[in-house]
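Since every read-out is calculated from the coordinates, none of them should be taken as a lab result. This one's a predicted model, so the numbers in the text were calculated from it and none came from an experiment. Positions of Cβ are generated from backbone atoms using ideal geometry, with glycine treated the same way; all protein chains shown enter the neighbour counts.
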Amino acid sequence: MLYLYDGALNVSKILKDWYDEEANSNYGAYIPFVGTVRSEDGISGLSFDIYEPILERWFEAWQEKARAKGAIIKMAHSRGDVMLHESSYIAAVFSPKRRVALEFIDEFVEDFKASAPIWKYDLKDGQRIYASDRSTAIKGSGILGVKK
Amino acid sequence: MVRVEFLGPIQKESLEIEITNLEQLADILQQDKEIAEWLENSAVAVNDMLVNSLDVALKDGDKVSLLPPVCGG
């Protein structure tokens with residue numbers, strides 16, 4: 001359950017829709033994480049590129065891990081521009097008991113930051129600038145750069 | 001022909017090249033000044049599966065993608 005949107009997320013609608021979808025699924029816990037664009041360094045917003053084929057595979061692998069524990073994950077992310085105080089990311093775990101969901105949301109969001117094929121740009125002074133200093137090389141990177 | 005795609009912030013058009021393995025691609029890209037700086041921190045996918053070794057054979061119609069450092073959320 002991976003949802004990609006052009007522009008900012010409609011947070012209250014998405015959280016409500018997810019709640020309604022699982023209201024009768026007998027999950028005891030629903031733990032969402034919402035990522036919101038903050039004002040810092042003079043940016044007017046953020047912008048995102050997504051490579052969907054690998055994102056979908058990465059997400060499915062996590063969904064399998066969640067299912068093995070009786071849980072499910074839902075995730076929404078923005079493509080393109082998201083302005084200050086708007087939200088670009090929502091992840092949520094539903095599980096029978098709270099402990100699984102609390103641990104899963106932590107592991108999932110951390111791996112999302114390190115592995116999901118999404119690129120972030122600062123919108124500043126009319127430019128779209130790659131956020132290289134906040135970006136993380138995916139595990140296994142660099143093989144093409146090794147000199148013989 | 002193998003298609004090579006540069007994702008996210010790498011400002012480079014896709015290439016169509018005659019290669020049969022990733023070793024050959026490494027040799028070609030290391031000569032390319034535009035792309036050389038990205039090689040050390042980019043991940044590599046073949047047909048949308050990440051790989052962690054150059055010991056991968058390529059055939060006609062394969063797609064290789066370079067994924068620079070990421071930051072979702």
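Brief remarks follow.
- For segment A:35-51, filtered to residues that are among the β-branched types (Val, Ile, Thr) and not in a loop (DSSP other than H, G, I, E, B), the residue that is farthest from the other protein chains (Cβ to nearest Cβ) is A:36.
- Test for residue A:93: is it more than 9 Å from every other protein chain (Cβ to nearest Cβ), surrounded by 16 or more Cβ atoms within 10 Å (Cβ to Cβ) and not acidic (Asp, Glu): yes
- Of all residues making up segment B:7-34, the number that are farther than 10 Å from residue B:64 by Cβ, more than 9 Å from chain A (Cβ to nearest Cβ) and buried (at least 16 other Cβ atoms within 10 Å of the Cβ): 1
- Restricting A:108, A:94 to those that are of a type in the set (Phe, Trp, Tyr) and under 12 Å from the mean Cα position of the chain (by Cα) reduces the list to A:108.
- Residue, nearest to residue A:6 (Cα to Cα), within segment A:97-129, restricted to residues that are out of contact with any Lys or Arg (no Cβ under 8 Å at 6 or more places or on another chain) and aromatic (Phe, Trp, Tyr): A:119
- Among the conditions (1) in contact (Cβ under 8 Å) with a residue 40 or more places away in the chain; (2) in contact with a Leu (Cβ under 9 Å, 6 or more places away or on another chain); (3) crowded, with 16+ Cβ neighbours inside 10 Å, residue B:44 misses just one, which is (1).
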